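What follows is calculated from the coordinates using simple rules that are stated; it is not laboratory data. Only a predicted model underlies this, so the values are computations on that prediction, with no experimental measurement involved. Methodologically, a virtual Cβ is constructed for each residue, glycine included, from the backbone with ideal geometry; neighbour enumeration extends over all protein chains shown.
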Ligand code: PRP
Ligand code: URA
């Protein structure tokens, strides 16, 4: 089985912003802003393979043939809740992307993902999809969300996270070898509660100020 690619995005700006997210003193406002900024920077890399076509444009000086996006249809699908924090960062670069939502939470005892909401664009099957979730811990949520999207037979799926544990990357690679992962950091391990160590804490709580 061919293994998916894990793109660890080590640009200095991403590393700097990730360190701010990790700091327990970072408040809700700044945390939320930086999650969106990281999503924008990651989006730049995750869309590197978008196809281009040539069009004719008249500049104030001359007419020439120049490149423009070939109109590939994209959808982004945040995993609720924390994935919502990445949506605006992506839309700032790709304002025409459609947005689907998958609601999953981890059962605190079993750590298994529990689905509670789903709403997809009606033409999701014709789209290339980027699944958004800041955290890839055990991988249970991402594996379930991707499986869910595969049932819609969308054209392709990429996974975008901010921080991952090796366990989560392995889980996605095993379950979905065709899905590339884009992530700004890979930490050491998970603790007994399934939290990434050293990590950044509970991303949903820190984005929405619920703790
Ligand atoms: C967090 C996070 C991921 C999931 C990752 O969500 O946003 O969705 O945990 O863990 P996993 O890889 O072990 O599945 P959580 O369940 O805390 O829900 P929330 O986004 O509503 O806070
Ligand atoms: N979900 C989070 O928000 N943080 C973790 O460290 C693990 C799962």
0 to 90° range, to nearest 10: angle between helix 12-22 axis and the chain longest Cα axis
30 degrees
Fewest to most neighbouring Cβ within 10 Å: what's the order for 31, 208, 66, 148?
66, 208, 148, 31
Can you put 40, 59 in order, fewest other beta carbons within 10 Å first?
59, 40
Roughly what angle does helix 166-175 make with the longest principal axis of the chain, taking Cα atoms, 0 to 90 degrees, to the nearest 10?
60 degrees
Segment residue 167-residue 147, extension gain: residue separation times 0.36 nm, minus the distance between their alpha carbons
5.4 nm
Full-extension gain between residue 118 and residue 192, please, as 0.36 nm times their residue separation minus the C-alpha to C-alpha distance.
23.7 nm
Nearest 10 degrees is fine. How inclined is helix 140-151 to the longest principal axis of the chain, computing both from alpha carbons?
40 degrees
Once both label points are put 7 Å beyond Cα along the C-beta direction, the residue 205-residue 96 separation in nm becomes 4.2 nm
Between residue 125 and residue 69, what FRET efficiency comes out of the Förster formula 1/(1 + (r/R0)^6) with R0 = 22 Å and r the beta carbon distance, rounded to 0.05?
0.60
If only Cα atoms are counted, what is the Rg of the range 1-98, and what is its Dmax, in Å?
17.4, 55
Expressed in angstrom and rounded, the centroid-to-centroid distance over alpha carbons for the range 105-155 and the range 46-91 is 23 Å
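Looking at the chain only, what percent of DSSP beta bridges run antiparallel? Nearest 5 please.
Around 40 percent antiparallel, to the nearest 5.
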Relative contact order in percent for the range 1-67 (Cα pairs under 8 Å, 6+ apart) equals 21 percent
Ignoring everything except DSSP H segments at least 4 long, calculate the 222 nm mean residue ellipticity for the chain; use -39,500 (n - 2.57) per segment, divide by total residues, nearest 500.
-9500 deg cm²/dmol
In terms of the alpha carbon gyration tensor, root eigenvalues a ≥ b ≥ c, rounded if a/c is under 1.5 and otherwise prolate when a/b exceeds b/c or oblate, the chain is prolate
FRET E, pair residue 178, residue 105, Förster distance 22 Å, beta-carbon r, rounded to 0.05:
0.25
